[in-house]
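To start, the structure itself, in structure tokens.
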Amino acid sequence: MSSNYHINNVNGPAILGDNGRIEINNNGTDPAVLLRLADQLVERLRAESPALVPQAQVVQGELADAGQQGRPADQGRIRAALETIGAGVGAGSGVLVLAQEIGRLLGF
């Protein structure tokens, strides 16, 4: 028999399941949606700020690898890449909006 305890914590909703396993729920975001946004981020940066494309590819690669390997994405790597992108693009740009949306969906 399994049991789950739903917790609302500072980092967002979580579930404490059997064996002490904690699952963070990123508002039910479909990983395919995150990957699609990361793809758009890469494409926009190619046009607007080519020097930042490698940072977007870090986000894209980490999300893709995590999905393929069935593991959580390395949020530290993604956060650092998104912060670099945010610092390098103009306020109000489409790239900044995409970067912020990816961060929001991941709970940053």
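The values are calculated or read from the model by the stated rules, or taken from the named source; none is laboratory data. Computed from a prediction, not measured in an experiment: that's the story for all the values here. Cβ sites come from the backbone with ideal geometry, for glycine too, and all protein chains shown count toward neighbours. SASA here: full protein model, heavy atoms, side chains in, ligands and nucleic acids out. Shrake-Rupley method; radii C 1.70, N 1.55, O 1.52, S 1.80 Å.
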Checklist entry - What ³J(HN,Hα) values, in whole Hz, does the Karplus curve 6.51 cos²θ - 1.76 cosθ + 1.60 give for region 58-71 when θ = phi - 60°, with x put for Gly and Pro? => result 4, 4, 4, x, 5, 5, 5, 4, 4, x, 5, 8, x, 10
Next on the checklist: Per residue of region 89-96, what does 6.51 cos²θ - 1.76 cosθ + 1.60 with θ = phi - 60° give for ³J(HN,Hα)? Whole Hz please, x for Gly and Pro, Karplus curve as stated.
Outcome noted: 10, x, 4, x, 6, x, 5, 4
Item to check | Cβ-based net charge around Leu63, under 11 Å, with every Lys or Arg adding one and every Asp or Glu removing one | outcome: -2
Checklist entry - Where only protein heavy atoms count, and the probe is 1.4 Å, what is the accessible area per residue for region 32-108 in Å²? => result 52 Å²
Item to check | Inter-label distance, nm, simple model (7 Å from Cα along the C-beta direction), Ser93/Thr29 | outcome: 2.1 nm
